[in-house]
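Novice: Mind having a look at this structure? Questions to follow.
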Amino acid sequence: MATEATTATEATAADTRSARAVAEKFVERLGRQDPEDIQELFAEEIDWYVPGDDALPWTGRRTRREEVAPYFTTMWPHFVPGRSEVALERVVVDGGDVVLLAVWTHTVAATGKEFTTPAAMHLVVEGGRIVRMHLYEDTLAVAAAFDAG
């Protein structure tokens with residue numbers, strides 16, 4: 001007979017497995033630069049936040065699944081193809097919370113400037129869908145790379 005504590009532990013373990021599986025799909029689809037397939041992983045209503053300079057059209061909040069693909073299709077053309085590198089260093093999963101720790105390097109198409117920034121992405125997965133995505137990166141380094149001056 002399962003105790004209440006055992007049942008709660010099993011539920012947390014199941015949440016952790018599900019969240020890890022969704023995060024792995026997310027990372028794989030990011031690597032393929034497939035915005036529609038990335039968007040499919042998100043719930044209808046989301047809490048999305050990418051901080052940064054207001055001059056960059058992909059920063060800010062998003063609240064609906066259909067806003068996910070345009071984020072990527074707006075951002076990616078600003079970087080020189082083939083001159084980006086993402087090093088995923090660690091994936092930490094606890095229940096439905098997933099933290100992706102990475103370092104990325106991009107070259108800005110308009111300025112030719114390269115920048116490197118450590119980054120953390122916090123995902124929350126519920127019911128097999130991503131309901132929250134908050135990005136943490138060196139927004140000053142990103143803004144400086146886009147500054148033509």
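Novice: Between a residue in region 51-63 that is hydrophobic (A, V, I, L, M, F, W, C) and any residue that is not in a loop (DSSP other than H, G, I, E, B), which pairs come within a Cβ distance under 7 Å, given they are 6 or more apart or on different chains?
Specialist: Final answer for the pair search is Leu56/Phe146; Trp58/Val50; Trp58/Tyr71; Trp58/Thr74; Trp58/Met75.
Novice: List every residue pair whose Cβ atoms sit under 7 Å apart, with the two residues 6 or more apart in sequence or on different chains, where the first one lies in region 20-46 and is among the aromatic types (Phe, Trp, Tyr) and the second, anywhere, is outside any strand (DSSP E or B) and at pLDDT 95 or above.
Specialist: Phe26/Ile38; Phe26/Leu41; Phe42/Arg65; Phe42/Val68
Novice: Report, by residue number, each residue of region 108-134 that is of a type in the set (S, T, N, Q) and open to solvent by less than 50 Å² (accessible area, probe 1.4 Å). Walk me through how you get there before you give the answer.
Specialist: Let us first name the residues in region 108-134 that are of a type in the set (S, T, N, Q), namely 111, 116-117.
Result: Thr111, Thr117.
This table checks each residue for (1) modelled with pLDDT under 95; (2) under 18 Å from Ala19 (Cβ atoms).
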position: Ser84; (1), (2): yes, no
position: Glu126; (1), (2): no, yes
position: Ile130; (1), (2): no, yes
position: Asp138; (1), (2): no, no
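Novice: For the list (1) of a type outside the set (S, T, N, Q); (2) on the phi < 0 side of the Ramachandran plot; (3) surrounded by 12 or more Cβ atoms within 10 Å (Cβ to Cβ), I need the number of the one condition that Glu44 fails.
Specialist: Evaluating Glu44 over (1) of a type outside the set (S, T, N, Q); (2) on the phi < 0 side of the Ramachandran plot; (3) surrounded by 12 or more Cβ atoms within 10 Å (Cβ to Cβ) leaves (3) as the failure.
Novice: Now a separate question. Scan region 135-143 and tell me whether some residue there is open to solvent by less than 50 Å² (accessible area, probe 1.4 Å) and within 19 Å of Phe26 (Cα to Cα).
Specialist: Yes, region 135-143 contains a residue that is open to solvent by less than 50 Å² (accessible area, probe 1.4 Å) and within 19 Å of Phe26 (Cα to Cα).
Novice: Further, regarding this structure: Can you name the condition, by its number, that Thr107 falls short on among (1) over 16 Å from the mean Cα position of the chain (by Cα); (2) under 16 Å from Tyr136 (Cβ atoms); (3) of a type in the set (Ser, Thr, Tyr)?
Specialist: (2)
Novice: Give Val103, Val86 a once-over and let me know the one that is without any contact (Cβ under 8 Å) to a residue 24 or more places away in the chain, open to solvent by 40 Å² or more (accessible area, probe 1.4 Å) and under 15 Å from Leu135 (Cα atoms).
Specialist: Just a single option satisfies the conditions, and that option is Val103.
Novice: Please work out which residue is farthest from the chain's Cα centre (by Cα), limiting yourself to region 89-99 and to residues that are part of a strand (DSSP E or B) and touching a residue at least 60 places away in the same chain (Cβ under 8 Å).
Specialist: Step one: list which residues in region 89-99 are part of a strand (DSSP E or B), which gives 89-94, 97-99.
From what is left, the residues that are touching a residue at least 60 places away in the same chain (Cβ under 8 Å) are 91, 93-94, 97-98.
On the way: Val91: 12, Val93: 14, Asp94: 17, Asp97: 13, Val98: 10 Å.
Checked region 89-99; the qualifying residue farthest from the chain's Cα centre (by Cα) is Asp94.
Novice: Of the conditions (1) touching an Asp or Glu at 6+ places or on another chain (Cβ under 9 Å); (2) modelled with pLDDT of 95 or more, Gly52 clears all except one; give me its number.
Specialist: Of everything listed in (1) touching an Asp or Glu at 6+ places or on another chain (Cβ under 9 Å); (2) modelled with pLDDT of 95 or more, Gly52 misses just condition (2).
Novice: While we're here: Can you pull out the residues in region 61-73 that are surrounded by 14 or more Cβ atoms within 10 Å (Cβ to Cβ) and of a type outside the set (Gly, Ala, Ser)?
Specialist: If the condition is that a residue be surrounded by 14 or more Cβ atoms within 10 Å (Cβ to Cβ) and of a type outside the set (Gly, Ala, Ser), then Arg62, Arg65, Glu67, Val68, Pro70, Tyr71, Phe72 are the ones that fit.
Novice: I would also like to ask the following. Please find, among Arg61, Arg29, Arg20, the residue that is of a type outside the set (Ser, Thr, Tyr), closer than 26 Å to Gly127 by Cβ and not in a helix (DSSP H, G or I).
Specialist: Details: Arg29 fails: not in a helix (DSSP H, G or I); Arg20 fails: not in a helix (DSSP H, G or I).
Testing whether each residue is of a type outside the set (Ser, Thr, Tyr), closer than 26 Å to Gly127 by Cβ and not in a helix (DSSP H, G or I) leaves just Arg61.
The values are calculated or read from the model by the stated rules, or taken from the named source; none is laboratory data. Computed from a predicted model, the values in this text were never measured in an experiment. No Cβ is skipped: glycine too gets one built from the backbone with ideal geometry, and neighbour counts run over all protein chains shown. Keep in mind that these areas ignore ligands, DNA and RNA; they rest on the heavy atoms of the full protein, side chains included. Shrake-Rupley method; radii C 1.70, N 1.55, O 1.52, S 1.80 Å.
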